[in-house]
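Inspection log for the structure reproduced underneath, given as structure tokens.
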Amino acid sequence: MRTLCLAVLGTALLTACGPVDYLSTVTLKATRALAEARTANAEKLAPYEYWSAVEYLQMAREMAAYADYLVANKYGEEAAKMASEARRLAAEKAQAGPAATATGGDESPPDLPAGKKEEGK
């Protein structure tokens, strides 16, 4: 009976403990997802999603430094989500080939006829 009570108490403490959830969400899940996005070259192929994930992860770590684990876990979940999206988009763009990701340096804006430049440039 005593062992059962200790097991139930230990489980209750661990599941309600913010730092334990932080370790799972931020340290493992979000960091791994960001590393996978970096490996997929998401920094260049999906920059918005990649840098959003980087900033969310930084905020998660900052909130954990203030022992605000609830907020840190939310930022960590968002970092993992954005990193996964960055990895997915980078893989799609890489599969589409260089023509889909290349941007010409001398393209005219869509509202100007081709060959004409904006004044002042």
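The values are calculated or read from the model by the stated rules, or taken from the named source; none is laboratory data. Keep in mind it's a predicted model, so treat the numbers as computed, not measured. Here the Cβ positions follow ideal geometry from the backbone for every residue, glycine too, while neighbour counts run over all protein chains shown.
A quick yes/no check of all residues on (1) among the basic types (Lys, Arg); (2) assigned to a helix (DSSP H, G or I):
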| site | (1), (2) |
| --- | --- |
| Thr25 | no, yes |
| Ala35 | no, yes |
| Ala53 | no, yes |
| Ala67 | no, no |
| Arg87 | yes, yes |
Quick one: what pairs do we get from the range 78-98, first residue touching a residue at least 12 places away in the same chain (Cβ under 8 Å) and farther than 25 Å from Ser24 by Cβ, second aromatic (Phe, Trp, Tyr) and surrounded by 16 or more Cβ atoms within 10 Å (Cβ to Cβ), C-beta under 7 Å, 6+ apart or different chains? none
For Tyr56, are the conditions met, namely being modelled with pLDDT of 95 or more and not aliphatic (A, V, I, L, M)? yes
For the range 89-110, enumerate the residues that are buried (at least 21 other Cβ atoms within 10 Å of the Cβ) and either assigned to a loop (DSSP other than H, G, I, E, B) or modelled with pLDDT under 95 (or both). none
Looking only at residues in the range 44-62 that are crowded, with 22+ Cβ neighbours inside 10 Å, of a type in the set (A, V, I, L, M, F, W, C) and within 8 Å of the chain's Cα centre (by Cα), which one is nearest to Tyr22 (Cα to Cα)? Leu57
